[in-house]
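The structure appears below as structure tokens.
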Amino acid sequence: MRKNIVAGNWKMNKTLQEGIILARDLQMALSGKAVNCEVIICPPFIHLASIAAVAGTSIVKIGAQNNADKISGAYTGEVSASMVASTGAQYVILGHSERRAYYGETNAILKEKVKMALVNKLIPIFCIGEILTEREAGKQNKVVETQIRESLFELPVKEFGKIVLAYEPVWAIGTGKTASSAQAQEMHAFIRETIACKYGTVIAEETSILYGGSCNANNAKELFSNPDVDGGLIGGASLSVDTFLPIIEAF
Ligand code: PGA
């Protein structure tokens, strides 16, 4: 059975002190509750170790937002996957559209980042998704298929089986404009079929595929009720317990 997951992507928000308070409050809000999904928070790198110390438990898992495409060495300002793993983080978001758009991350670079994550036993939450003009031109399936194929389809089946995918239509991120429930389901089903063609139906059925892009307390339940939507990658609404908790409780 594939996992349902709700992951918070804090992006470049929260000081260390604010982050520790948010993580602790979330942990407290969830303890003793029946939680029907895996809950992950992805703070900035610099907060990972401190937040793992206060909230890296069985209730709340910790993830990074990136890792380097190299093992180690003279790469000023970069953070390696082994460094991320050494903080207690278990997940890493890779291929987020903001990384692709603002920091030039290509499918080829992301292929290396995924390898580094997996070698260090981090679970990649690998983001894919089309921009508005691509959707308007009806090219969304082709774009998403290419992103998956070029970055992930050289992985052996055992390694691919560890990956979580996150479909995030770029036009829905931070815009308040969500993909409709039908649009999300249609794309998620296409992604699962793409995986099945390459790795077989067993792996495809076991892969968690999250939706991301203006997911919030009002739309989470409907989005998550789709058979191929296994949770969400949440940006803005993950920055306070009040807005994040109802999304977790949508399961
Ligand atoms: P959003 O961001 O929920 O603020 O739209 C989602 C994401 O970028 O992961």
Legend entry - Distance (nanometres) between label positions extended 7 Å along Cα→Cβ at TYR75 and MET12: 2.0 nm
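Please report, to one decimal in angstroms, the Kirkwood hydrodynamic radius of region 75-116 built from all distinct Cα-Cα pairs. Display every interim value, and only then the final one.
Numbers: mean 1/r = 0.0890 Å⁻¹.
One decimal place: 11.2 Å for the Kirkwood radius.
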Legend entry - C-alpha center-to-center spacing [region 189-236, region 105-132] in angstrom: 17 Å
Legend entry - Most mobile of ALA68, ALA101, ALA179 in a GNM of the chain (Cα contacts under 10 Å): ALA101
Legend entry - Alpha-carbon centroid distance for the pair region 164-182 / region 1-40, whole angstrom: 20 Å
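Fewest Cβ neighbours within 10 Å first, please rank ASP25, ASP242, ASP69, ASP230 accordingly.
Final ranking by Cβ density, sparse to dense: ASP242, ASP25, ASP69, ASP230.
If each residue's Cβ is checked for other Cβ atoms within 10 Å, how do ILE125, ILE20 rank with the fewest at the top?
Values: ILE125 28, ILE20 18.
Least crowded to most crowded, the residues run ILE20, ILE125.
Once every DSSP H run of n ≥ 4 in the chain is given -39500 (n - 2.57) and the sum is divided by its residues, what mean residue ellipticity at 222 nm do you get, rounded to the nearest 500 deg cm²/dmol? Don't skip to the answer; put the middle values down first.
Values: 12 runs with 108 residues, N = 251.
Calculated at 222 nm, the ellipticity per residue is -12000 deg cm²/dmol.
Just to be sure I understand the rule: take each whole DSSP H helix in the chain, project its Cα atoms onto its long axis, keep it if the span is 20 Å or more and its mean Kyte-Doolittle hydropathy is at least 0.5. Which ones pass? Walk me through the intermediate numbers first.
Values: long enough: 16-30 (21 Å, 0.72); 181-199 (27 Å, -0.26).
What comes out of the filter, once short or polar helices are dropped, is 16-30.
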Legend entry - Amide N proximity, region 34-50 versus TYR103 label position 7 Å along Cα-to-Cβ, cut-off under 15 Å: 42-48
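Could you tell me the relative contact order of region 5-248? Use alpha-carbon pairs under 8 Å, at least six residues apart, and round to a whole percent. Don't skip to the end; give the middle numbers.
Working: 460 pairs, mean separation 48.6, N = 244.
Result for region 5-248 is 20 percent.
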Inset, instruction - Mind sorting ILE109, ILE173 by how few other Cβ atoms lie within 10 Å of their own Cβ, fewest first? - result: ILE109, ILE173
Legend entry - Additional length obtainable on full extension of the chain from ALA137 to LYS162, 0.36 nm per residue less Cα span: 5.7 nm
Inset, instruction - Note the full-extension length gain between ILE21 and ALA217 as 0.36 nm times their separation in residues minus their Cα-Cα distance, in nm to one decimal. - result: 68.4 nm
Inset, instruction - Could you check the simple spin-label distance between GLU205 and SER180, using points 7 Å along Cα→Cβ, in nm with one decimal? - result: 3.0 nm
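Can you give the alpha-carbon Rg of region 5-248 over 2.2 N^0.38 Å, where N counts its residues? Mind dumping the intermediate values first?
On the way: Rg = 16.8 Å, N = 244, 2.2 N^0.38 = 17.8 Å.
Computed over Cα atoms of region 5-248, the ratio equals 0.95.
Values in this text are rule-based calculations from the coordinates and carry no lab data. None of these values were measured; they are calculated from a predicted model. As a convention, Cβ positions derive from the backbone with ideal geometry for all residues, glycine included, and neighbour counts pool all protein chains shown.
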